[in-house]
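First the structure, in the form of structure tokens, and then the observations on it.
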Amino acid sequence: MNLNLTLLGQMITFSLLVIFTMKYIWPLIAKALQEREATIANGLAAAERGRRDLELAQHKVGELLRDAKLQAAEIVDQASKRATRIVEDAKEQAHKEGNRLIHLARDDIEQERLRAKADLQHDITAMAVAGAAKILGGRIDISANNDMIKQLLSEVSSE
Amino acid sequence: MIEAPSNPTQYIQHHLTNLSWSVDKANAGFFTLNLDTLIYSILLGGIFLFLFRFAAKRATAGVPGKLQSCVELMVMFVDNLVKETFHGKSKLIAPLALTIFMWVFLMNLMDLLPVDLLPSLGRAVGVPYMRVVPTTDLNLTFAMSISVFILVIVYNISIKGPWAFFKELTCTPFGPYLFFINFPLAIVHELSKPLSLALRLFGNLYAGELIFILIALLPWWIQWIPGSMWAIFHILIILLQAFIFMMLTIVYLSMAHESH
């Protein structure tokens, strides 16, 4: 129980333990702890940044999607308008073409009729002249009486 | 084989006797070494250094293993305590506090081993006496507290300067004209630090060990009731005493850094 030389021995032991801890244990652990702290802080910051980036990206995606939808709707609209116009144009064209053909046909018919009428006039004139010549017994100067006959004929044909 | 002690008095005395080696075999005076205290304390100190050095060498900023986490937890615990209490820069105080805590804790932990286990093994191989709890030896507790006290004096002189330290000893609390009262008061105040530090740890552990010895004297079929109760309570005491020793060391050293 008495104090003895053990005291000195323990003091030496204690100093050695403390010096060893101070030199070879504490600095290493403290350094590792600091580094880990920095790493974790960086990691957390990076995660936060990533989260913000993601949010921004999602926002952007939404915007793009909305724009795209709008554009698509516009394109569809334009296309349908264009299609309507094409159909309208085609209809108009066809209508015009039809009218044109009808006019042409009518013209043809008219000409045909006029020609037929002229032929008929000519034939009737000849027949009338021939008939009159027979009746009158001599030849009639066609050129002299032509005007009269023509007038006659036009009166007939206009009836 | 050495004879086991036969009656309770002998048994207790046997348990409270150190294995010692003296220069003067006939008269065990100051020049005596308590071999059991030295060997166990150095062994436990070695375990502490080995474990912590092992963890420290492998310490990286990466994900820590179990041992490393444990060691880091201790380091952070001590570091925070030191930072809260001690406002200044010192490379020594935090490692010193860690060493004190771990060493005292490990030595106290020996108290939880069955009280007869190691001494009986020692007797079987021819070691007559063995006290396995180094903190129940005044030599050890005083060695630590005197070392701390020397550090306190050194810091007082080196941080404040010898003249300021001298003035603090003589001129507080009653002013320079009552130095003949101040000085003895200051000396008592300073000397009470290592004394209380050493005696508190020693007293707690000595009493704890004594109670374990007394419990061991009870009949075998009743021992487990007081034994287990005291052991569980003792877990608190050994931690608390290690913590108190460390905490007071930090406080004394920070007091040495700051003038009153």
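Scanning the stretch B:51-73 for residues that are in a helix (DSSP H, G or I) and at the interface with another protein chain (Cβ under 10 Å from one of its Cβ atoms) yields B:L51, B:F52, B:R53, B:F54, B:A55, B:A56, B:K57, B:Q68, B:V71, B:E72. Within the set B:L33, B:L19, the sole residue that is buried (at least 18 other Cβ atoms within 10 Å of the Cβ), more than 10 Å from chain A (Cβ to nearest Cβ) and at pLDDT below 90 turns out to be B:L19. Being within 20 Å of B:L195 (Cα to Cα) and either more than 10 Å from every other protein chain (Cβ to nearest Cβ) or touching a residue at least 12 places away in the same chain (Cβ under 8 Å) (or both) holds for only one residue in B:P134, B:P128, and it is B:P134. Whether a residue is over 18 Å from B:M102 (Cβ atoms) and in contact (Cβ under 8 Å) with a residue 40 or more places away in the chain was assessed, and B:I213 passes this test.
To keep it simple, each residue is scored yes or no on (1) of a type outside the set (K, R); (2) within 60 Å of the chain's Cα centre (by Cα); (3) away from chain B (no Cβ under 14 Å); (4) not in a helix (DSSP H, G or I).
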position: A:L8; (1), (2), (3), (4): yes, no, no, no
position: A:I12; (1), (2), (3), (4): yes, no, no, no
position: A:Y24; (1), (2), (3), (4): yes, no, no, no
position: A:A30; (1), (2), (3), (4): yes, no, no, no
position: A:R36; (1), (2), (3), (4): no, yes, no, no
position: A:T39; (1), (2), (3), (4): yes, yes, no, no
position: A:Q71; (1), (2), (3), (4): yes, yes, yes, no
position: A:V76; (1), (2), (3), (4): yes, yes, yes, no
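Based on this model, can you work out whether A:E110 counts as within 43 Å of the chain's Cα centre (by Cα) and either assigned to a helix (DSSP H, G or I) or of a type in the set (D, E, K, R) (or both)? For A:E110, the condition - within 43 Å of the chain's Cα centre (by Cα) and either assigned to a helix (DSSP H, G or I) or of a type in the set (D, E, K, R) (or both) - is not met. Here is a check on your reading of the model: is B:I47 within 7 Å of chain A (Cβ to nearest Cβ), outside any loop (DSSP other than H, G, I, E, B) and closer than 22 Å to B:V125 by Cβ? Against the criterion (within 7 Å of chain A (Cβ to nearest Cβ), outside any loop (DSSP other than H, G, I, E, B) and closer than 22 Å to B:V125 by Cβ), B:I47 does not qualify.
Could you tell me whether A:V61 is in a helix (DSSP H, G or I), farther than 22 Å from B:I47 by Cα and of a type in the set (V, I, T)?
yes
Conditions first: (1) surrounded by fewer than 22 Cβ atoms within 10 Å (Cβ to Cβ); (2) within 12 Å of chain A (Cβ to nearest Cβ). B:L38 passes all but one, so which condition is the exception? With (1) surrounded by fewer than 22 Cβ atoms within 10 Å (Cβ to Cβ); (2) within 12 Å of chain A (Cβ to nearest Cβ) applied to B:L38, the lone miss is (1). A single member of B:V78, B:V148 is closer than 26 Å to B:F233 by Cβ and within 11 Å of chain A (Cβ to nearest Cβ), and it is B:V78.
Filtered by the rule that a residue be part of a helix (DSSP H, G or I) and either more than 13 Å from chain A (Cβ to nearest Cβ) or among the charged types (D, E, K, R) (or both), the stretch B:86-104 gives no residues. With the condition kept exactly as written, say whether any residue in the stretch B:173-189 is in a helix (DSSP H, G or I), within 14 Å of chain A (Cβ to nearest Cβ) and at pLDDT 90 or above. No, the stretch B:173-189 has no match at all. Of the residues making up the stretch B:41-61, those that are more than 22 Å from the chain's Cα centre (by Cα) and either surrounded by 15 or more Cβ atoms within 10 Å (Cβ to Cβ) or charged (D, E, K, R) (or both) are B:A55, B:A56, B:K57, B:R58, B:A59, B:A61.
The values are calculated or read from the model by the stated rules, or taken from the named source; none is laboratory data. These numbers come from a predicted model, not from an experiment. In this analysis, Cβ positions are derived from the backbone assuming ideal geometry, glycine residues included, and neighbour counts consider all displayed protein chains.
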